[in-house]
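Take a look at the structure below.
Values quoted throughout were computed directly from the atomic coordinates according to the rules given, and no laboratory measurement underlies them. Please read these numbers as outputs of a predicted model, since none were measured by experiment. Reconstructed Cβ throughout: ideal geometry from the backbone, glycine too, with neighbour counts over all protein chains shown.
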Amino acid sequence: MSGQPYRREGATGKTLRFRFDGRDYEGLEGDTLASALLANGVRAVASSIKLGRPRGVYAAGCEEPNALVQIEEPFPEPMLTATTVELYDGLVATGLPGQGRLADRPDPARYDAVHAHCDVLVVGAGPAGIAAAGVAARAGARVILADERPAPGGSLLGTTETLDGRPGHEWAAAEVAALEALPEVRVLRRTSVIGHYDDNYVIAVERRTNHLGAAAPAHVARERVWRIRAKRVVLATGGHERFVAFAGNDLPGVMLAGAARTYVNHYRVLPGRRAVVFTTNDSAYAAALDLADAGVEIAAIADVRQAPGETWAARCAERGIELLTGHVVTAALGEGEVSSVRVAPRGDGQAREIPADLLLVSGGWTPVVHLFSQAGGTLRYDEGLGAFVPGEIRQAVEAAGFARGVTTLRGCLEDGAQAGRRALAAAGFAVPSETSVPAAEEEPAAAPAEHLWLVEAPGDDDYGAHFVDLQRDVTVADVLRAVGAGLSSVEHVKRYTTAGTAHDQGKTSGLLTSAVVAHALGVDVGELGTTTFRAPYTPVSFAALAGRDRGHLHDPIRVTAMHEWHVAHGARFENVGQWKRPWYYPRPGEDMEAAVLRECRAAREDVAAMDASTLGKIDVVGPDAAVFLDRLYTNMMSTLKVGSIRYGVMCRADGMVFDDGTVIRLADDRFLVTTTTGNAAAVLDWMEEWLQTEWPDLRVSCTSVTEQWATVALVGPRSREVLARLAPGLAVDNDSFPFMTWREAEVAGIPARICRISFSGELAYEINVSSWYGLALWEAVMASGEVTPYGTETMHVLRAEKGYPIVGQDTDGTVTPQDLGMEWIVSKKKADFIGKRSFARADTSRPDRKQLVGLLPEDPGVLLPEGAHLVETSSLPEPPVPTLGFVTSSYRSAALGRTFALALVSRGRERIGERLYAPVGAELVPVTVTSHVLYDPEGARRDG
Amino acid sequence: MLLIPCPWCGPRDEAEFHYGGQAHIAYPDNPAALSDEEWARYLFFRDNPKGPFAERWSHTAGCRRWFNVVRDTATNEIHAVYRVGEPRPVTA
Ligand SMILES: [Zn+2]
């Protein structure tokens, strides 16, 4: 063990090699990075975030405020506490100054999620948790026992206490193994419960392979998120020791007393050679004696109380340990680490400097009430404990053991067993007539603690080294400054000073901060209350939360029946909701602009085709379908003849445009409604909401058929000729097949429904077939070689040239049909429809409403950015600059031979012919306001 | 995450549902007869109590039915669940 100078004699286990801050060390299997560093005498592990002060290991678990490290190998991971990183061979880590670095390469590990249900969830496998789980499990309940550490035992791991005559941790291991053998019990090790939500919905993170380093098998998920719904939860979460505010309480070598006890007993490491102990309560005596028995010289115990527990005092005397009652530590002294400790009687008296390399501190213990509070429980201040304990809770949750303030081992076992019995009863199981708990040793009678939070400094001290939050570098001086600035709530002081906001969320320091605030305000800690406890209890990696929902599994990808053709023919795609839609089809050497201009020309001058399958399609069926659609659309649908098609707009009750599309009447009682691609689900929701909640008397059913149909839009002056060839049985002349009608026929031998509708102003058809035949139809249309495929960008240009708005692009939920220049779509005849009443509101008839207009930049080559604002003046006045509106769509037009835009502009229609300006960067681009219909305003082209 | 007892499917995770705001706000029989203020009240005004609140939920990812819930907005306790058209039950 010569390589590990602070390792206890007789410690055995496999030797592990690791590297920290560029130096090679050895540790033992079972070590954490913190215990291995202590074994090697490494005192300064990290440095503080604001002041750059050296910081050492302070605690032995997740409450660690100081020892933040970054793992470098095998895979970079920032912001871990050295006290919770299990040592493995090949670990490379560095200490952090409060901030880490994200990995510069993709994480190769898998992360997963599990859903689970149970009768009783027990959080914490210490004495109380094991007792509770044992009672519930042996009665047959489905039990999950979760604990953050690799081995069960909780507080028993760090002590020398015995149960049934054997070491407590051995009892814990044996008992948990016995429970685990029961069929309905699941034990989750290395599993942190991080969130407790409504109805006992609990989130836990299980670390499955982190501790294996490079040896982790690739097929096992590194971490798993457990989403547990429990009938009843027992929170046996134990406690955290807290420290005291005195000068230099952040120096490496200052350590919580209970943590030092854990290092000596569990990790077989001496955290120092010569220690001073500073305590406000009895618990530090057990630590001092265990350290003394392990060979650490205890130079003195400074107890703030005049009367410590008598048994403890006697045991100190037996070992010749000097006991200074009524004393405090006024300062930890040393360069970079503790070399001596200044001890003084409380009040007046001569201070003494005691050489020591270790200062153990105990300011008392705080129950871990985080989950109880997250679950909605109230907290109350317990004077004896000097801490907040669980109060009332509505959920089926109870705290057990030290988590609710039970201080003895025997008491915690008994309390856990009782909690288990209550959980059984609540979950509907027969409660056994008696339950037994293992026998614990007699504990010395406890003397009351004295809650000292702050060691008063001499007059010239500014409290600038009395730390309350080590990780955030918050001192008593900072808290006094906050209170001096007038802040009197802990929530405000927290935000002002950042105390309690670090990775540790103030586990060891929150109460201390509150107490210093209370001290400054002259009120009681209990009166002041706590800050709100929020999930997560301990930090959780984003990778774990994301689980498998990454990359192509992040969101479902929807593709049409023709997708593989688009891919094979070099289409660029755009995401429209979850759909992948062809955006444009560049030919070799073409950029987007050239491709779109070519596609537009083909549609306007020749013949082109688009995959329009993603349009939402809803079958609306039933005797009252026509009545229903009359109420839903602003225009009349009931007068539509079978075989015909009508364009329609839907508004919300406030009169704002919600969606638009076509309505096809298939039979007296059957319509097919199309929606915009992105709104398909919302429109179906809307229909069902009205049918179920307002008009349950209407006999109508609505079915999404978006994916059942594939649609090809065939567009252009030559589209009729191409269709005639593909559908020889169909009369395609204008009289036989007029605009806004539909016919059934075979197209390329495939049964099809052909609709004569146009979203471009050109002669056009939409050919619908069963999606199974979508690819065959598309290939048949393309087979002649004369039809140009086009994508969504061309579709957008063509519709914009005609002034057809796209809901969601040219509208934003504040736009009426009238604003869009579509008064004609709003029925005057119908008694009512959704939105009608709102068109009579003063707001919807305001003359200064924004209206849809066209814009022509004076320089025909300038493309306005969408979103650009419009102003009246050629130079900008002082801010705030009044804006008249903004550009909603902007394109280059092949048909117009120039750029153009659509915009929503206040009093837009009155302004036609006016010049406005669009601030773009530092320039004001002059534009002329025009009608929103820029191409073929007479509609001469739609019949070919 | 709430556990919401759908009256048609039984208890399901909140993630399966969509929220629909205050319940028992009927679409007016004759909107044309309402004053602008009355219509604006229907459109824009909803209660926001601390305590029991009758509200609408839709089991969107399940049976797709709308139904009503009396939920305490301060504690999230669900006092009652009932079907559309049924009166609000008396709860504690
Ligand atoms: Zn349901």
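So, R0 is 51 Å and r is the distance between the beta-carbons of A:ASP24 and A:HIS492; what FRET efficiency does that work out to, to 0.05? Display every interim value, and only then the final one.
Values: r = 48 Å, r/R0 = 0.93.
E between A:ASP24 and A:HIS492, to the nearest 0.05, is 0.60.
At q = 0.19 Å⁻¹, what log₁₀ I(q)/I(0) does the stretch A:847-944 have when each alpha carbon counts as one equal point scatterer in the Debye sum?
Values returned for q = 0.19 Å⁻¹ are -0.86.
Could you work out [θ]222 nm for chain A from helices alone, using -39500 (n - 2.57) per DSSP H run of at least four and dividing by all its residues? Round to the nearest 500 deg cm²/dmol.
Working: 20 runs with 194 residues, N = 944.
Computed ellipticity for chain A at 222 nm equals -6000 deg cm²/dmol.
Starting from one equal scatterer on each C-alpha and no solvent at all, send me the Debye-based log10 I(q)/I(0) for chain A at q = 0.06, 0.07, 0.08, 0.10 Å⁻¹, two decimals.
Evaluating at q = 0.06, 0.07, 0.08, 0.10 Å⁻¹ gives log10 I(q)/I(0) of -0.64, -0.78, -0.88, -1.03.
Can you give the Rg/Rh ratio of the stretch A:580-665, where Rg is from the C-alpha atoms and Rh is the Kirkwood radius?
Values: Rg = 18.4 Å, Rh = 16.1 Å.
On the Cα set of the stretch A:580-665, Rg over Rh gives 1.14.
Per residue of chain B, what 222 nm ellipticity follows from adding -39500 (n - 2.57) for every DSSP H run with n ≥ 4, rounded to the nearest 500? Intermediate values should be presented prior to the final figure.
Working: 1 runs with 9 residues, N = 92.
Here the helix-only value at 222 nm equals -3000 deg cm²/dmol.
Out of the trypsin sites (Lys or Arg not before Pro) in the stretch A:821-916, which ones are loop residues according to DSSP with at most 11 other C-beta atoms within 10 Å?
Passing both the DSSP loop test and the Cβ count: A:LYS828, A:LYS829.
Hey, rough spin-label estimate for A:PHE739 and B:ASN30, points 7 angstrom out along Cα→Cβ, what's it come to in nanometres?
Using points 7 Å along Cα→Cβ, the separation is 4.0 nm.
Can you order the peptides A:534-545, A:757-768 by their average number of other Cβ atoms within 10 Å per residue, highest first? Please list the in-between numbers first.
Details: A:534-545: 17.1, A:757-768: 25.1.
Output ranking for A:534-545, A:757-768: A:757-768, A:534-545.
Would you list A:SER192, A:SER340 from fewest to most Cβ contacts within 10 Å? Mind dumping the intermediate values first?
On the way: A:SER192 24, A:SER340 19.
Least to most surrounded, the residues fall as A:SER340, A:SER192.
Suppose we look only past 24 Å in the calculated P(r) of the stretch A:208-297. What percent of the Cα-Cα pairs does that tail hold?
Details: 1933 of 4005 pairs.
Above the 24 Å cut-off, the stretch A:208-297 has 48 percent of its Cα pairs.
Given the stretch A:203-247, what whole percent of its Cα pairs are spread farther than 12 Å?
On the way: 747 of 990 pairs.
The answer is 75 percent, as a whole percent.
Report the gain in length on full extension from A:ALA546 to A:SER845: 0.36 nm times residue separation, minus Cα-Cα distance, nm rounded to one decimal.
On the way: separation 299, 0.36 × 299 = 107.64 nm, distance 4.81 nm.
The span from A:ALA546 to A:SER845 would gain 102.8 nm if fully extended.
Please report the antiparallel percentage of DSSP beta bridges with both residues in the protein assembly as shown, rounded to the nearest 5.
Values: 148 of 197 bridges.
Percent antiparallel among DSSP bridges in the protein assembly as shown is about 75.
How many Cβ atoms of partner chains, on average, are near each residue of A:688-695 if near means within 10 Å of its Cβ? Don't skip to the answer; put the middle values down first.
Working: counts 5, 6, 1, 1, 9, 12, 3, 1.
The mean count of partner-chain Cβ atoms within 10 Å per residue comes to 5.
How well do other chains shield peptide B:39-49, expressed as the mean number of their Cβ atoms within 10 Å of each residue Cβ?
Numbers: counts 6, 5, 0, 2, 7, 1, 0, 0, 0, 0, 0.
Averaged over the peptide's residues, the number is 2.
Would you please name the trypsin sites (Lys or Arg not before Pro) within the stretch A:215-314 that are DSSP coil residues with at most 15 other C-beta atoms within 10 Å of their C-beta?
Details: sites: A:ARG222, A:ARG224, A:ARG227, A:ARG229, A:LYS231, A:ARG232, A:ARG242, A:ARG261, A:ARG268, A:ARG273, A:ARG274, A:ARG305; in loops: A:ARG222, A:ARG242, A:ARG268, A:ARG273, A:ARG305.
Qualifying residues, ordered by number: A:ARG273.
With charges only on Cβ, +1 for K and R and -1 for D and E, what is the dipole size of the protein assembly as shown about its Cα centre, in debye, rounded to 20? Numbers along the way, then the final one.
Working: 104 positive and 132 negative charges, 366 e Å.
Roughly 1760 debye for the protein assembly as shown.
Considering only A:ALA561, A:GLY484, A:VAL269, whose Cα is most displaced toward the positive end of the charge dipole of the protein assembly as shown, charges sitting on Cβ of Lys, Arg (+1) and Asp, Glu (-1)?
So the residue furthest toward the plus end is A:ALA561.
Across peptide B:18-24, what mean number of C-beta atoms from other chains lies inside 10 Å of a residue's C-beta? Intermediate values should be presented prior to the final figure.
Working: counts 2, 0, 3, 0, 0, 1, 0.
For peptide B:18-24, the averaged partner shielding equals 1.
With a cut-off of at most 16 other beta carbons within 10 Å, and DSSP calling the residue loop, which trypsin sites (Lys or Arg not before Pro) in the stretch A:551-657 qualify? Please list them.
Values: sites: A:ARG558, A:ARG572, A:LYS580, A:ARG598, A:ARG601, A:ARG604, A:LYS617, A:ARG631, A:LYS641, A:ARG646, A:ARG652; in loops: A:LYS641, A:ARG652.
Here the sparse-neighbourhood loop sites are A:LYS641, A:ARG652.
List the pair-distance distribution P(r) of the stretch A:458-528, using every Cα-Cα distance, as the percent of pairs falling in each 5 Å bin from 0 up to the bin containing the longest distance, rounded to whole percents.
3, 20, 31, 27, 14, 5, 1
What's the Cα-based Rg to Rh of the stretch A:241-284, Rh via Kirkwood?
Values: Rg = 10.8 Å, Rh = 11.4 Å.
Here Rg/Rh amounts to 0.95.
For the stretch A:628-682 and the stretch A:879-901, compute the distance between their C-alpha centroids and round to whole Å.
Taking the Cα centre of the stretch A:879-901 as reference, the centre of the stretch A:628-682 is 30 Å away.
Between A:GLU184 and B:ALA74, what FRET efficiency comes out of the Förster formula 1/(1 + (r/R0)^6) with R0 = 30 Å and r the beta carbon distance, rounded to 0.05? Write down the numbers at each step before the final one.
Details: r = 36 Å, r/R0 = 1.19.
Plugging the Cβ-Cβ distance into 1/(1 + (r/R0)^6) gives 0.25.
Identify the residues of the stretch A:346-382 with backbone N under 15 Å of a label point that sits 7 angstrom from the Cα of A:VAL523 along the Cα-to-Cβ direction, or state none.
The answer is A:381, whose backbone nitrogens lie closer than 15 Å to the label point.
Can you say what percent of the DSSP beta bridges in the stretch A:228-380, counting only those with both residues inside, are antiparallel? Round to 5.
Details: 13 of 32 bridges.
Taking every DSSP beta bridge within the stretch A:228-380, about 40 percent pair in antiparallel fashion.
Please list the helices of chain A that count as membrane-span-like by this rule: a mean Kyte-Doolittle hydropathy of at least 0.5 together with Cα atoms stretching 15 Å or more along the helix axis, each helix being a complete DSSP H run. If you can, show how the numbers build up before the last one.
Values: long enough: A:127-138 (16 Å, 1.05); A:168-180 (18 Å, 0.15); A:283-294 (17 Å, 0.78); A:409-426 (25 Å, -0.13); A:510-521 (17 Å, 1.68); A:592-605 (19 Å, -0.31); A:680-693 (20 Å, 0.19).
Those that pass (Cα extent of 15 Å or more, hydropathy at least 0.5) are A:127-138, A:283-294, A:510-521.
Lone cysteines in the protein assembly as shown, going by a 4.7 Å Cβ-Cβ cut-off?
A:CYS62, A:CYS118, A:CYS316, A:CYS412, A:CYS600, A:CYS651, A:CYS702, A:CYS755, B:CYS63
Mind putting a number on the dipole of the stretch A:181-315 about its Cα centre? Charges go on the C-beta only, +1 for Lys and Arg and -1 for Asp and Glu, and I need it in Debye to the nearest 20.
Details: 18 positive and 13 negative charges, 144 e Å.
In total the dipole reaches around 700 debye.
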